[in-house]
Amino acid sequence: MVQGATNWNTETTEEWLQQYIDDWVAFYRKHTSDGEVASYIPVLQEANADHLGISIVGKNGTNIRSGDVDVPFTIQSISKVLSFIVACMERGIGYVLDRVDVEPTGEAFNSIMHLEMKQLKKPFNPLVNAGAITVASMLEGKSSDQKLESLFNLLEKMLGYRPHLDIDVYESERDTSMRNRAIGYYLLEMGYLEDDLNITLEAYFKQCSIEVTIDDLARIGMILANDGFDPSTEEEIIPRQVARLAKALMLTCGMYDASGKFAAYVGIPAKSGVAGGIIALAPARVRDEELPFIDGCGIGVYGPALDKQGNSIAGIRLLRHIANKWDLSIF
Ligand code: DON
């Protein structure tokens with residue numbers, strides 16, 4: 001029996017939801033002390049490890065938020081979902097999938113080992129660094145800024161404003177990017193890149209440094225939950241086939257070497273970023289009882305204390321709790 005299932009259809013639904021979420025955020029905030037903020041990009045170390053916030057947006061615009069809701073953070077690897085979507089929209093799905101696969105790695109996000117050991121014809125998937133850098137090379141444009149123009153346009157359409165770069169994070173990432181440069185040179189040697197290596201890497205560092213909030217992630221998640229259709233403007237922002245592909249990748253590869261456990265215990269498409277963000281989404285469910293956000297929802301989480309895989313430690317536990325209580329799993 002899903003907790004409180006009989007109460008969701010009353011006038012006080014939103015108050016009920018708010019109370020539950022407030023309690024759960026307060027409880028899981030204690031779990032932030034089990035993780036650590038990212039330190040390999042020096043500026044990210046300045047984040048407050050105790051922070052935890054969540055925003056949930058329903059198809060009808062209902063928005064439940066709790067915790068540290070107004071703290072901006074950089075999107076980091078969550079941008080890989082968006083750059084993949086943009087590349088598919090610019091080049092076509094076939095072109096992109098000829099150059100990057102859709103298989104989970106079971107390895108860390110910045111692993112280089114599997115590329116060489118498995119003698120791949122293309123990187124494993126667009127959500128690990130090797131795949132994301134390859135995708136960045138496919139984005140149209142002669143400079144890194146031009147390459148990101150369509151990504152910013154997509155964000156502006158979804159969010160109603162144009163986000164900006166966090167220059168400090170961008171410079172910090174660029175100046176400490178030895179591993180990503182190593183991956184880039186390997187991709188260059190193998191002939192996987194479609195564009196100049198330095199322009200491609202600049203575009204990749206910049207896309208990771210876009211500043212967002214949990215409300216932004218929840219809104220993007222809600223549009224993906226609706227297969228790319230924005231119910232508030234009644235506009236198809238992302239072609240349905242591209243949105244579905246992106247969600248399949250989020251489910252199988254979005255949490256890196258914790259993707260299997262996340263699918264098993266949470267059961268919804270999600271993507272994490274090393275600054276502490278997680279985007280997640282639940283599609284509409286068909287059940288014979290009333291459930292919260294039964295028409296689908298997008299979820300944004302922020303909690304910069306990370307586990308060993310680079311995922312928000314309290315954020316994952318909070319999501320697991322909510323998904324179980326509200327029966328969000330797609331399985
Ligand atoms: O490539 C990097 O190191 C980062 N800018 C992005 C990594 C990231 O967010 C991994 N996710 N958990």
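The values are calculated or read from the model by the stated rules, or taken from the named source; none is laboratory data. Keep in mind it's a predicted model, so treat the numbers as computed, not measured. Ligands, DNA and RNA are excluded from the accessible area calculation, which covers all protein heavy atoms including side chains. Shrake-Rupley method; radii C 1.70, N 1.55, O 1.52, S 1.80 Å.
Structure values in brief
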| item | result |
| --- | --- |
| As computed over the range 101-211, the Cα convex hull volume per residue (Å³) | 105 Å³ |
| Accessible surface of CYS88 - all protein chains present, 1.4 Å probe, nearest 10 Å² | 10 Å² |
| q = 0.08, 0.16 Å⁻¹, the chain: log10 I(q)/I(0) [Debye, one scatterer per Cα] | -0.33, -1.38 |
| Reduced Cα scattering model of the range 53-156, Debye log10 I(q)/I(0), q = 0.10, 0.17 Å⁻¹ | -0.38, -0.88 |
| Kirkwood Rh and Cα Rg combined as Rg/Rh, the range 149-288 | 1.00 |
| Convex hull per residue volume in Å³, alpha carbons only, for the range 212-299 | 107 Å³ |
| Over 22 Å (Cα to Cα) - which of LYS80/LYS142; LYS80/LYS122; LYS142/LYS247; LYS80/LYS121 fall in this group | LYS142/LYS247 |
| Inverse of mean 1/r across different Cα pairs in the range 54-112, Kirkwood, Å | 14.9 Å |
| 5 angstrom amide H check on LEU52, placed H, neighbours 5+ away | ASP68 |
| Kirkwood-Stokes translational diffusion coefficient of the range 258-300, alpha-carbon pairs, 4 °C, 1.567 mPa s, µm²/s | 112 µm²/s |
| Accessible surface of the chain, 1.4 Å probe, proportion on carbon and sulfur as whole % | 48 percent |
